[in-house]
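As structure tokens, the structure follows; a few thoughts come after it.
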Amino acid sequence: MSILLQLLLRSLETGAIYALATLGIIIVFRTNLMINFAQGVMGMFGAYIVTVMFQKVLYAGATASGMAQTPALLLSILAGVVGAILIGFIVDIVIIRRTKKVAGTGKEIITLGMMMIFLGITPMIFGVDPMRLPKVIESGEFSILGANLSYNSLLNIVLGIGLTVLLFVVLQKTKLGLAIRTTASNERTARLMGVPTKWVTLFAWALALVLGTLAGVMIAPSTSVTLNLMDSVQVNAFIACVLGGFQTFYGPVIGAYIIAIANNLLAYYVSSVWGTQILYVLVIIFIVFKPVGLIGKKITKKV
């Protein structure tokens, strides 16, 4: 029982990371009608900003002044979020707004080009050596029914669920959320109704970059900050979108947690080598029988 609970708790943390990356993908898709293949590398770029700010700027000054590590790291994360917002603005204004007349497939190719650009400029700006980003809460853990959970893992779980719930509240209860949902339904009609769709898409790209950066910061302490930091997160986030369905905001989030839980359970109880591959096969079989995903809706057009 304690082992199962341990796996579930670990899956909640992994699922929180996948959920943030998934939300970044789905909000761009719903407001721009394009799949952003650069979501993962953009999150990686944001994680680099946080790491460099921490290692070379803030932490050096904090050490000299006697400041603790955690406040310096939090300031670095805040700087990374601001940087992600600015990058999101630049991407939307300079690139995305010029693709309004580009066909759907062309837009996806553009995001692939953006991915290659970020992969190219990252080592030019930050170097090629792996970097380390510490946990926000470096030590300490507690036990639940025999299962151990670190305080930093609990923070990641609460942060992932909290941001997801907050975003859903914004989407359902605010004018901004109404504008996003209207744009997601039909951008042309939303524009005719007076919805400032340019500001909506600007917000969507900025939010996608922020969510990707936070996902990168959450996963970075368990590995090192390199160009491959977000590869597995991006793959699983895309699979979660397919599993949950691209037609809703909450379906892919549900898919993200299902992917995380199923992956850990299969790896432990079935095969540590083939667990992930078995999961992908099961997802493919499910999509064959339900192509729209768990929560997706079949779209019918009347002629």
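The values are calculated or read from the model by the stated rules, or taken from the named source; none is laboratory data. Predicted model, so just to flag it, every value in this text is computed and none were measured. Glycine also receives a Cβ, built like all others from the backbone with ideal geometry; neighbour counts cover every protein chain displayed.
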Of the listed residues (Val225, Val292, Val253, Val288), the one being aliphatic (A, V, I, L, M) and in contact with a strand residue (DSSP E or B) (Cβ under 6 Å, 6 or more places away or on another chain) is Val225
Expected output for segment 140-155 (first residue in contact (Cβ under 8 Å) with a residue 24 or more places away in the chain, partner part of a helix (DSSP H, G or I) and among the acidic types (Asp, Glu), Cβ below 6 Å, 6+ apart or cross-chain) is Ser153/Glu13
Restricted to segment 101-154 and to residues being basic (Lys, Arg) and under 22 Å from the mean Cα position of the chain (by Cα), the residue farthest from Ile77 (Cα to Cα) is Lys107
Note on segment 224-242: residues within 23 Å of Val136 (Cβ to Cβ) and in contact with a Leu (Cβ under 7 Å, 6 or more places away or on another chain) are Val225
- prompt: Among the residues of segment 28-39, is there at least one that is in a helix (DSSP H, G or I) and over 25 Å from Thr105 (Cβ atoms)?
  reply: no
The residue from Phe89, Phe118 that alone is assigned to a helix (DSSP H, G or I), touching a residue at least 40 places away in the same chain (Cβ under 8 Å) and closer than 17 Å to Phe203 by Cα is Phe89
The one condition Ile259 fails out of (1) surrounded by fewer than 23 Cβ atoms within 10 Å (Cβ to Cβ); (2) touching a residue at least 12 places away in the same chain (Cβ under 8 Å) is (1)
Picking from Leu5, Leu58, Leu23, Leu78, the residue that is modelled with pLDDT of 85 or more and over 21 Å from Leu163 (Cα atoms) would be Leu5
Flagged in segment 208-227 as touching a residue at least 12 places away in the same chain (Cβ under 8 Å) and part of a loop (DSSP other than H, G, I, E, B), in numbering order, are Ser224, Thr226, Leu227
Only one of (1) aromatic (Phe, Trp, Tyr); (2) modelled with pLDDT under 85; (3) within 30 Å of Asn186 (Cα to Cα) does not apply to Phe89, and that is (2)
Selection from segment 92-115 of residues over 11 Å from Trp205 (Cβ atoms), outside any loop (DSSP other than H, G, I, E, B) and of a type in the set (Lys, Arg) yields Arg98, Lys107
The lone condition Val273 fails out of (1) modelled with pLDDT of 85 or more; (2) over 22 Å from Thr111 (Cα atoms) is (1)
When segment 100-151 is checked residue by residue, the ones that are surrounded by fewer than 12 Cβ atoms within 10 Å (Cβ to Cβ) and acidic (Asp, Glu) are Asp129
